[in-house]
Amino acid sequence: MARLAIEVVYATRESQRIVPLVLEEGACALDAVHASGLLEQHPELCSGPLRLGIFGEESAHDVMLSDGDRVELYRPLRLDPKEARRARARETRRK
């Protein structure tokens, strides 16, 4: 069976972790995430729905990987971006 060389990436404000992996052909994105060990190292990722993507495009957990793919783990949002913009606009109007 063929092997896939992939990377799993997780970035915080302070650092970026890149975990290179070699997986069996037929592995999905969630397999790569579990194999990387990043969920154990960053428990905040388990605080809500796990969001991930491949090369900047959000994807499903069960998408099959190709050789050279980069699986990215996305941080949970502290605040909805639309709500943050509304709050900034309200604050600007008050000033």
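Read-outs throughout are calculated quantities, based only on the coordinates presented, and are distinct from any laboratory measurement. Everything quoted here is computed from the prediction, not taken from an experiment. All Cβ positions, even for glycine, are placed from backbone atoms using ideal geometry, and neighbour counts span all protein chains on display.
Values computed for the structure shown
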read-out	value
Residues located in the stretch 1-59, provided they are surrounded by 17 or more Cβ atoms within 10 Å (Cβ to Cβ) and assigned to a loop (DSSP other than H, G, I, E, B)	A27
Of the criteria (1) within 12 Å of the chain's Cα centre (by Cα); (2) without any contact (Cβ under 8 Å) to a residue 24 or more places away in the chain, which one R17 fails	(2)
Tally of residues being under 18 Å from Y10 (Cα atoms) and outside any loop (DSSP other than H, G, I, E, B) across the stretch 60-95	5
Top-ranked residue in the stretch 63-86 [being surrounded by 12 or more Cβ atoms within 10 Å (Cβ to Cβ) and free of Cβ contacts under 8 Å to residues at least 24 places away in the same chain; ranked as farthest from A5 (Cα to Cα)]	A84
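Every residue, every condition in (1) small (G, A, S); (2) within 11 Å of the chain's Cα centre (by Cα), yes or no:
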| position | (1), (2) |
| --- | --- |
| M1 | no, no |
| G26 | yes, no |
| V33 | no, yes |
| G37 | yes, no |
| S59 | yes, yes |
| V63 | no, no |
| V71 | no, yes |
| E91 | no, no |
